[in-house]
Amino acid sequence: MPKLQLFPVLFAGLVVGLLLLITSQFFTSMKHIRDLNESGHTSEKLRVALLLEGPSYDQGWNSSALESITEMQKRFGFSLEIANNIKPDQITKVAEKFAANDFDLILGHGVIFSRPFTEVAPKHPRSRFVSFNGEAPHKNQTTIRYDMKPTGHLVGVLAAKMSKAGKVGYILVDKPPEMDQAEGFLEGVKSVSAKTKVVIETVPDFSDIDGAVKVTRQMIDQGVDVIYTTGDSFNLAVITEAQHAKVYTIGYIADQRYIAPDYVLASMIQDVRQCYRIIMEQYVQNKLPSGQVIYGLAEGVNHLSPFGPMVPEKIREEINREVKRLTEPHGSSGG
């Protein structure tokens, strides 16, 4: 039996290996093309714009959006443009500009962007418009809504349990999406004590720092000793003002205990990072729903921060039990 020549065998093996490599690369390329056709997006080519009503350094709603989208940019590698301090009458023009410049995803961080986006979206079907707490009637629109009544209920329970004077306050913006949380807050307070007085004050918009400080002082003058503040730009000022008067506060959006460690009981966190994480993952996969998407306590998008040192262990345990009740499948926000 003739012996095999070593060189021809090696040559044949090399040819077979190259053919296998080329075939593998071909199928990988075809899969990539198929995936692009199915998803419609590649993260390398995405152009994303983030629109903010207030400053990006407010340590609350706006800064949380900037931090979140920056984190997502590192992960997905898209190009990013930020427009902040946009006045209400400028939103339509700004959104039009980004859409006309072929931005794929335009994020309006708040309810104020919903109506202008609804106006602009039909004119730019290739752009996707995402806002919070508003309406999204068009196919290329999505609105993220938070289930805020259970959240308000939980905070109301904490405020009532920590009030020695039997008077608690709530400062919010006078906009319809805010009212569910106010209703939940009232129910939460009354579930602890029907005798506790609730003082609710509103300001016109999320950037009204002077108005928020004014109503904070009014509440303090009325004997309120726990204040829940749900502003964007004005939370820092409210918490600082209350601290000067030795009045407890409950922060919002981000963990704001660092502002006044001895006076912030806790913060009701809206996990904006989680929202943007879901938005970007679903958008890249072409799975971002149109219309309304709702998250709340049960999904972990809303949750309390760790408690401040002034909150007794007994109250911490009671609040944790309330969280469990509210997040059970048949949990109720009622008192």
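At a glance:
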quantity: Cross-link partners of K87 among aspartates and glutamates (Cα-Cα below 19 Å; sequence separation of 8 or more within a chain); calculated: E53, D58, E96, E119, D174, D205, D208, D210, D232
quantity: Long-range amide H partners of V173 with built H, under 5 Å; calculated: V203
quantity: If the convex hull is drawn through the Cα atoms of the range 221-335, its volume per residue in Å³; calculated: 151 Å³
quantity: Ranking by accessible area, most exposed first, for D174, D255, D58 with a 1.4 Å probe; calculated: D174, D255, D58
quantity: Solvent-accessible area per residue, Å², over the range 215-263 with all protein chains present [probe radius 1.4 Å]; calculated: 36 Å²
quantity: Solvent-accessible surface ranking, highest first, for K149, K246, K195 at 1.4 angstrom; calculated: K195, K246, K149
quantity: Total formal charge among the other residues, if their Cβ is under 13 angstrom from that of T327, Lys/Arg +1 and Asp/Glu -1; calculated: -1
quantity: Point-charge dipole on Cβ atoms (K/R +1, D/E -1) for the range 247-335, about Cα centre, debye to 20; calculated: 140 debye
quantity: Largest-first ordering by accessible area, 1.4 Å probe, given options H124, H138, H153; calculated: H138, H124, H153
quantity: Computed label-point distance, nm, for sites K314 and E281 using a 7 Å Cα→Cβ extension; calculated: 4.2 nm
quantity: The range 133-199 - percent of accessible surface contributed by carbon and sulfur, probe 1.4 Å; calculated: 49 percent
quantity: Kirkwood hydrodynamic radius of the range 262-308, Cα pairs, Å; calculated: 12.3 Å
quantity: Rg to Rh, two decimals, where the range 104-221 supplies the alpha carbon set and Rh follows Kirkwood; calculated: 1.12
quantity: Segment Q218-T92, extension gain: residue separation times 0.36 nm, minus the distance between their alpha carbons; calculated: 41.7 nm
quantity: The range 120-162 - accessible surface per residue (Å², probe 1.4 Å); calculated: 34 Å²
quantity: Span from the the range 131-181 Cα centroid across to the the range 262-282 one, whole angstrom; calculated: 14 Å
quantity: Set K74/K214; K149/K214; K175/K214; K74/K149; K214/K324 screened for pairs whose C-alpha atoms are more than 30 Å apart; calculated: K74/K214; K74/K149; K214/K324
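The values are calculated or read from the model by the stated rules, or taken from the named source; none is laboratory data. Worth saying up front: this structure is predicted, and the values here are computed from it rather than measured. Positions of Cβ are backbone-derived with ideal geometry, glycine not excepted, and every protein chain shown enters the neighbour counts. Surface accessibility is based on the protein's heavy atoms, side chains included, excluding ligands, DNA and RNA. Shrake-Rupley method; radii C 1.70, N 1.55, O 1.52, S 1.80 Å.
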